[in-house]
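> Here it is, the structure, as structure tokens.
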Amino acid sequence: MPNNNHLDKFDFDVSKIRAEFPILGQAVNGNSLVYFDNGATAQKPNSIINAISDYYKTTNSNVHRGAHFLSDKATKEFEAARGNVQKFISAEHREEIIWTRGTTESINLVAQTWGRDNISEGDEVIISTLEHHSNIVPWQLLCEQNKAKLRIIKVKKNAALDFEHYQSLLSDRTKLVAIGHISNALGVINPIAEMIELAHQFNAKVLVDGAQAVPHVKVDVQKLGCDFYAFSGHKMFGPMGIGVLYGKKDLLNSMPPWQAGGEMIEKVSFGKTTFNQLPYKFEAGTPNVAGAIGLAAAVDFLNSFDRNMLLDYENFLLDYATIALSKIDGLNIVGYDCEKASVISFNIENCHSQDLGMMLDQQGIAVRTGHHCAMPLMDSLNITGTVRASLCFYNTTEEIDRLCQGIEKAKSMLL
């Protein structure tokens, strides 16, 4: 196995970080838990759990227009959370932060508002082969509805995005580029800054699916220049059921409401309804107040670290895992020799990924198996799926060693 000689360069104690995550201390099937499914959802530290619990214990009330103490307190915390997220991604305006249920809803919101109004017959939407289904199907439906064309960026043999092919697809017909910042299935990091710059040369708008990026890299939407950026709370150590759509203020103002109900209105009569200002125009109904507060706590948690140091450590783990797994006979890593986040997908010759995942689970090792909501990508690579180990800064080299040992044990039983 690789050695740990370089661990001393990281100025933090992984064991102390792990102690903040109560779920990591449990046993699964008689073995201490090794959690390598962070790409699906990250675990939650005590600070986020306590923030949500404290809200329900001390503050629980509906927000906005309440004439009592608890409602006023909840409103202040809810809107402070919005400001926290604004700073986290360096948005220019607080009202550019729209609360949603997650990345999927954020993308659908754009498709069914801006998309329906601005993409017409003969127009083109560009996505990539690497996309999660949530950044494929909404655009398929929109293109079918509006008789537009969906164009697909190919990937190279190493599974990296084919940038030259992307350049060839851009034209005056391109109205939108919807691209993942980091592939959930393989961890491939796309050159989104360059892609945004090129798309804008053709007056196309760009939506970035940042679900896999925000837990790992610092995101500055103004520097990127993207028109929309979508992400979820639960992948960045926050609660499930809360997400964010960032949009440039002028674009959001131009877009019609998507869902109708309370909060998103200004005045209702049977003759005519007028709509609220940003961001509330897109936040119909009772919001997920606890989720927003929990997401703000996740922002504070991440900001308590040197993010570059965490990224360096995750890259170290990725290198360690790549070297270690490459030594296993019959193991093939999918996605290689390209810029990647701390995700490693692989297959074992003559072993089905699901069987391998189940055998690892019996040893207390949590990985994800299958197509990872990226069936077109798997089809393009001529595989049915992979075993995916997605790493995080609370993981350790010892856990990677357990993964390798677990694979060897599974192989001995499956082959």
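Since every read-out is calculated from the coordinates, none of them should be taken as a lab result. As the structure is a computational prediction, the values presented were derived from the model and not from experiment. Neighbour counts run over all protein chains shown; Cβ positions are idealised from the backbone, glycine included.
> Hey, quick one: spin label on residue 50, modelled 7 Å out along Cα-Cβ, who in the stretch 16-34 has an amide N within reach, i.e. under 19 Å?
Of the residues in the stretch 16-34, 16-25 have backbone N under 19 Å from the label point off residue 50.
> List residues of the stretch 204-221, by number, whose backbone nitrogen lies under 19 Å from a label position 7 Å along Cα→C-beta of residue 306.
So the set is 216-219.
> Now for a different question. Between residue 366 and residue 69, what is the spin-label point distance in nm, taking each point 7 Å from the Cα along the Cα→C-beta axis?
3.9
> Cα gyration tensor of the stretch 74-178, axes a ≥ b ≥ c as square roots of the eigenvalues: rounded (a/c below 1.5), prolate (a/b > b/c) or oblate?
prolate
> Angle between the Cα long axis of helix 69-88 and the longest principal axis of the chain, 0 to 90 degrees, nearest 10?
For helix 69-88, the angle is close to 60 degrees.
> Now for a separate question. For the stretch 307-323, just list the computed ³J(HN,Hα) in residue order, Karplus coefficients 6.51, -1.76 and 1.60, θ = phi - 60°, integers in Hz, with x standing in for Gly and Pro.
4, 5, 5, 4, 5, 4, 5, 5, 5, 4, 4, 4, 4, 4, 5, 4, 5
> To continue, here is another question. Antiparallel versus total DSSP beta bridges in the stretch 49-303: what percent is that, nearest 5?
Just about 45 percent of them are antiparallel.
> Once amide H atoms are placed 1.01 Å from N in the peptide plane, what residues at a sequence separation of 5 or more from residue 37, or on another chain, have their amide H within under 5 Å of its amide H?
390
> Please find the FRET efficiency linking residue 141 to residue 382, where r is the Cβ-Cβ separation and R0 is fixed at 30 Å, and quote it to the nearest 0.05.
Efficiency computed from Cβ-Cβ geometry: 0.65.
> Still on this structure, I have one more. Between 323, 196, 49, which gets the highest mean-square fluctuation from a Gaussian network model of the chain, Cα cutoff 10 Å?
Its mean-square fluctuation being the largest, the pick is 323.
> Follow-up. Would you mind counting up the charge near residue 72? Only other residues with Cβ under 15 Å from its Cβ, with Lys and Arg at +1 and Asp and Glu at -1.
Neighbourhood net charge equals +1.
> May I pose another question? If you stretched the chain out fully between residue 32 and residue 162, how much longer would it get, using 0.36 nm times the residue separation minus the C-alpha to C-alpha distance?
Using 0.36 nm per residue and subtracting the Cα-Cα distance, I get 42.7 nm.
> Which shape class applies to the stretch 8-47: rounded if a/c is under 1.5, otherwise prolate when a/b exceeds b/c and oblate if not, where a ≥ b ≥ c are the square roots of the Cα gyration tensor eigenvalues?
Prolate, since a/c reaches 1.5 and a/b exceeds b/c.
> Got a sec to turn the phi values of the stretch 215-230 into Karplus ³J(HN,Hα) couplings, 6.51 cos²θ - 1.76 cosθ + 1.60 with θ = phi - 60°, whole Hz, x for Gly and Pro?
After applying 6.51 cos²θ - 1.76 cosθ + 1.60, I find x, 10, 10, 6, 10, 10, 5, 6, 5, 5, x, 5, 8, 9, 9, 10 Hz.
> Please state the relative contact order of the chain as a whole percent: Cα pairs under 8 Å, 6+ residues apart?
Result for the chain is 22 percent.
> Nearest 10 degrees, 0 to 90: what angle lies between the long axis of helix 46-58 and the longest principal axis of the chain (Cα atoms)?
Once rounded, the angle reads 40 degrees.
> Next question. Highest mean first, what order results for 346-356, 176-186 on Cβ atoms within 10 Å?
Put in order of decreasing packing, that is 176-186, 346-356.
> Step through the residues of the stretch 254-265 one at a time and calculate ³J(HN,Hα) from phi using the Karplus curve (6.51 cos²θ - 1.76 cosθ + 1.60, θ = phi - 60°), rounding each to whole Hz and writing x for Gly and Pro.
Along the stretch 254-265, the couplings run 7, 8, x, x, 9, 10, 10, x, x, 6, 7, 9 Hz.
> Work out the FRET efficiency for residue 270 and residue 94 from their Cβ-Cβ distance, taking R0 = 45 Å, and round it to the nearest 0.05.
With R0 = 45 Å, the Cβ-Cβ based efficiency is 0.85.
> On a 0 to 90° scale, report how tilted helix 289-303 is relative to the longest principal axis of the chain, with both axes built from alpha carbons and the result rounded to the nearest 10.
50
> For residue 202 and residue 15, calculate 0.36 nm times their separation in residues minus their Cα-Cα distance, and state this gained length in nm to one decimal. Each step should come with its number before you reach the end.
Details: separation 187, 0.36 × 187 = 67.32 nm, distance 4.95 nm.
Contour length minus the Cα-Cα distance gives 62.4 nm.
> Would you mind checking which residues have amide H under 5 Å from residue 151's amide H? H placed 1.01 Å from N; only 5 or more apart, or other chain.
When sequence neighbours closer than 5 places are left aside, the close amide H contacts are 125, 126, 127.
> Let a ≥ b ≥ c be the square roots of the eigenvalues of the Cα gyration tensor of the stretch 355-397; is it rounded (a/c under 1.5), or, if not, prolate (a/b larger than b/c) or oblate? Can you show the working numbers first?
Values: a/c = 3.36, a/b = 1.64, b/c = 2.04.
Cα axes put the stretch 355-397 in the oblate bin.
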